[in-house]
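*Asks:* Take this structure first; my questions come after.
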Amino acid sequence: MSDTSRGPRRPGKPYRRPKKDPVRILAFDALRAVDERDAYANLVLPPLLRKAREKDDFDARDAALATELVYGTLRRQGTYDAVISACVDRPLREVDPPVLDVLSLGTHQLLGTRIPTHAAVSATVELARVVLGDGRAKFVNAVLRKVAQADLDTWIERVAPPYDKDPEDHLAVVHSHPRWVVSALWDSLGGGRAAIEELLAADNERPEVTLVARPGRSTTEELLGEEAAVPGRWSPYAVRLTEGGEPGAIEAVRDGRAGVQDEGSQLVALALAAAPVEGRDERWLDGCAGPGGKAALLAALAAERGAVLLAAEKQPHRAGLVAKALAGNPGPYQVIASDGTRPPWQPGSFDRVLMDVPCTGLGALRRRPEARWRRRPEDLDGFAPLQRALLRSALDAVRVGGVVGYATCSPHLAETRAVVEDLLKQHPDAELIDARPLLPGVPDLGEGPDVQLWPHLHGTDAMYLALIRRTG
């Protein structure tokens with residue numbers, strides 16, 4: 001039986017098997033998983049890399065290139081789609097997704113890396129022969145040769161609308177964000193063109209790996225002994241790995257004495273722990289605790305004061321992750337699987353409550369670049385009732401004189417200030433605390449009393465925090 005995917009053979013020319021490139025095949029497999037299964041690259045890529053490293057021909061440089069190909073392609077997907085669209089004779093929706101993934105990988109190599117043009121084209125065409133067949137490989141070759149005729153800046157001049165005619169669409173193409181996300185971030189950030197361009201550019205940068213030394217279990221001094229480790233910018237428990245690296249290879253991380261945690265996430269927990277409360281300070285609650293990073297830090301801080309943390313998480317499998325993160329905490333704690341909107345605890349039971357609510361995740365686009373293409377404006381309507389219900393539950397859970405921390409990993413105003421303002425309108429027995437003094441040394445925190453962190457200003461995820469005291 002003949003293999004028609006190879007295309008017709010030329011008379012007298014023997015068939016040549018395509019060369020398998022394990023790096024590019026792995027990158028393609030990761031992109032297909034992201035596309036087909038709605039998976040996240042930060043969850044898909046590590047096991048693929050581990051499996052590849054078990055083979056003798058896949059080394060650290062291969063892993064670094066595969067990682068760059070996957071994340072670079074995902075981050076610049078919007079820009080590359082505009083370029084590819086100008087080089088094909090049909091709408092992109094009519095191009096098979098696997099073909100588009102190969103084209104995007106090739107376009108990133110041509111426009112976003114230092115790989116020589118000939119090598120980028122030939123390697124991508126070989127990949128196409130392996131995963132798509134000879135027929136579609138010819139299509140890939142033709143398109144990439146068109147892409148290779150100009151550099152990225154030239155292509156952007158061709159495919160992006162002028163800024164003065166459509167600022168948001170221009171920024172969307174140049175910085176590879178959906179237009180509605182550009183608009184939402186601009187509204188939240190304020191300021192002019194320079195500010196939003198800095199933010200969008202920061203979203204496309206590879207974030208450093210940040211560790212947290214959990215108090216009573218590890219120290220920053222221990223973590224600073226690791227290669228290319230430097231102190232965090234703002235959190236006294238943070239250590240940054242400036243050259244990436246594999247956190248799982250660090251003994252303190254393997255043992256659970258330290259963890260991987262963005263510095264913005266650490267600051268949220270630290271600010272809640274530092275907020276002044278009236279009276280006792282013995283019972284703390286993390287009402288949306290999964291996967292456990294903030295809960296582990298809060299539990300350690302509570303233990304230092306003789307307080308106890310209750311970590312509640314609705315999803316049982318995520319509650320298991322919380323329990324794993326807290327295992328070995330120096331003081332008592334409890335982890336339960338519980339819906340924060342229908343809690344088992346009595347009103348007024350806690351002195352401090354953190355409610356880090358589910359959200360669109362628009363503040364973590366550096367880490368999950370594919371999220372920008374999955375989210376839709378209508379998703380906000382889906383999260384809004386839950387966010388408000390969880391914040392009301394948090395206020396019910398805290399006693400008079402106690403403090404609630406409302407946090408999201410999104411800067412969208414509909415998920416931040418709008419939720420808090422609605423609560424304050426309905427509850428005259430609540431007041432905002434100025435959170436800015438509780439983040440000492442952190443600049444550019446705005447007019448307060450709430451806090452919005454930004455990737456381009458603070459090097460963190462775009463975490464939001466409002467601190468609310470119950471007064472009656």
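*Asks:* Pairs of Cα atoms under 8 Å, at least six residues apart: use those to get the relative contact order of the stretch 303-453, whole percent. Show your work: numbers first, answer last.
*Replies:* On the way: 188 pairs, mean separation 32.2, N = 151.
Once divided by the residue count of the stretch 303-453, the mean separation gives 21 percent.
*Asks:* State, as an integer percentage, the relative contact order of the chain based on alpha-carbon contacts under 8 Å between residues 6 or more apart. Before the final figure, lay out each step's value.
*Replies:* Numbers: 828 pairs, mean separation 55.9, N = 472.
The normalised contact order for the chain reaches 12 percent.
*Asks:* Restricting to the chain, what percent of DSSP beta bridges are antiparallel, rounded to 5?
*Replies:* On the way: 22 of 40 bridges.
Bridges in the chain that DSSP calls antiparallel: roughly 55 percent.
*Asks:* Turning to a different aspect of this structure: Output the peptides 430-442, 302-314 sorted from most to least packed, where packing is the average of other Cβ atoms within 10 Å over each peptide's residues.
*Replies:* On the way: 430-442: 16.6, 302-314: 20.7.
So the peptides 430-442, 302-314, ranked by packing, come out 302-314, 430-442.
*Asks:* What FRET efficiency, computed as 1/(1 + (r/R0)^6) with R0 = 30 Å and r the Cβ-Cβ distance, is obtained for T471 and I336, rounded to the nearest 0.05? Kindly include the intermediate steps, with their values, before the conclusion.
*Replies:* Numbers: r = 28 Å, r/R0 = 0.95.
Taking R0 as 30 Å, the efficiency between T471 and I336 is 0.60.
*Asks:* If r is the Cβ-Cβ distance from A119 to T154 and R0 is 25 Å, what FRET efficiency results, to the nearest 0.05? Mind dumping the intermediate values first?
*Replies:* On the way: r = 20 Å, r/R0 = 0.82.
My answer for the efficiency is 0.75.
*Asks:* Taking the Cα-to-Cβ direction at E243 and at D57 and moving 7 Å from each Cα, how far apart do the two end points lie in nm?
*Replies:* 2.7
*Asks:* Using a 1.4 Å probe on the protein chains only, how many percent of the accessible area of the chain belongs to carbon and sulfur? Don't skip to the answer; put the middle values down first.
*Replies:* Numbers: 10640 of 21280 Å².
Its accessible area is 50 percent carbon and sulfur atoms.
*Asks:* At what distance in nm do the modelled label points of D434 and V400 sit from each other, each positioned 7 Å from its Cα along Cα→Cβ?
*Replies:* If labels sit at D434 and V400, their model points lie 2.6 nm apart.
*Asks:* Return the calculated 222 nm mean residue ellipticity for the chain, to the nearest 500 deg cm²/dmol, obtained by summing -39500 (n - 2.57) across DSSP H runs with n ≥ 4 and dividing by the residue count. Kindly include the intermediate steps, with their values, before the conclusion.
*Replies:* Values: 20 runs with 218 residues, N = 472.
Calculated mean residue ellipticity at 222 nm is -14000 deg cm²/dmol.
*Asks:* What spacing in nm lies between the two simple spin-label points modelled at E198 and D444, each 7 Å away from Cα in the Cβ direction?
*Replies:* Going by the 7 Å Cα→Cβ label model, 0.4 nm.
*Asks:* Report the full-extension gain for the segment E278 to W180: residue separation times 0.36 nm, less the Cα-Cα distance, to one decimal in nm. Write down the numbers at each step before the final one.
*Replies:* Details: separation 98, 0.36 × 98 = 35.28 nm, distance 4.28 nm.
Working it through step by step, the gained length comes to 31.0 nm.
*Asks:* Taking 0.36 nm per intervening residue step and subtracting the Cα-Cα distance, what contour gain separates A64 from D38 on full extension?
*Replies:* Working: separation 26, 0.36 × 26 = 9.36 nm, distance 2.32 nm.
Taking 0.36 nm per residue and subtracting the Cα distance, the gain is 7.0 nm.
*Asks:* How much length, in nm to one decimal, is gained on full extension between Y163 and A418, taken as 0.36 nm per residue of separation minus their Cα-Cα distance? Walk me through the numbers on the way to the answer.
*Replies:* Working: separation 255, 0.36 × 255 = 91.80 nm, distance 2.98 nm.
Extra length available between Y163 and A418 comes to 88.8 nm.
*Asks:* Could you give the distance between the Cα centres of the stretch 242-308 and the stretch 37-71, to the whole Å?
*Replies:* The two parts, judged by their Cα centres, are 29 Å apart.
*Asks:* Please identify which residues in the stretch 69-104 have an amide N closer than 16 Å to a label point set 7 Å out from the Cα of A142, following the Cα→Cβ vector.
*Replies:* 84-92, 94-96, 99-100, 103
*Asks:* Give K19/K55; K20/K51; K314/K425; K19/K146; K51/K138 a once-over and call out the pairs whose C-alpha atoms are over 26 Å from each other.
*Replies:* In this structure, K314/K425; K51/K138 lie more than 26 Å apart at Cα.
*Asks:* Moving to a separate point now. So how far, in whole Å, is the C-alpha centre of the stretch 409-472 from the one of the stretch 324-346?
*Replies:* Rounded to whole Å, the Cα centres lie 25 Å apart.
The values are calculated or read from the model by the stated rules, or taken from the named source; none is laboratory data. The structure displayed is predicted, hence computed values, not measured ones. Using ideal geometry, Cβ is built from the backbone for each residue, glycine included, and neighbour counts are taken over all protein chains shown. Accessible surface areas use protein heavy atoms only, side chains included; no ligands, DNA or RNA. Shrake-Rupley method; radii C 1.70, N 1.55, O 1.52, S 1.80 Å.
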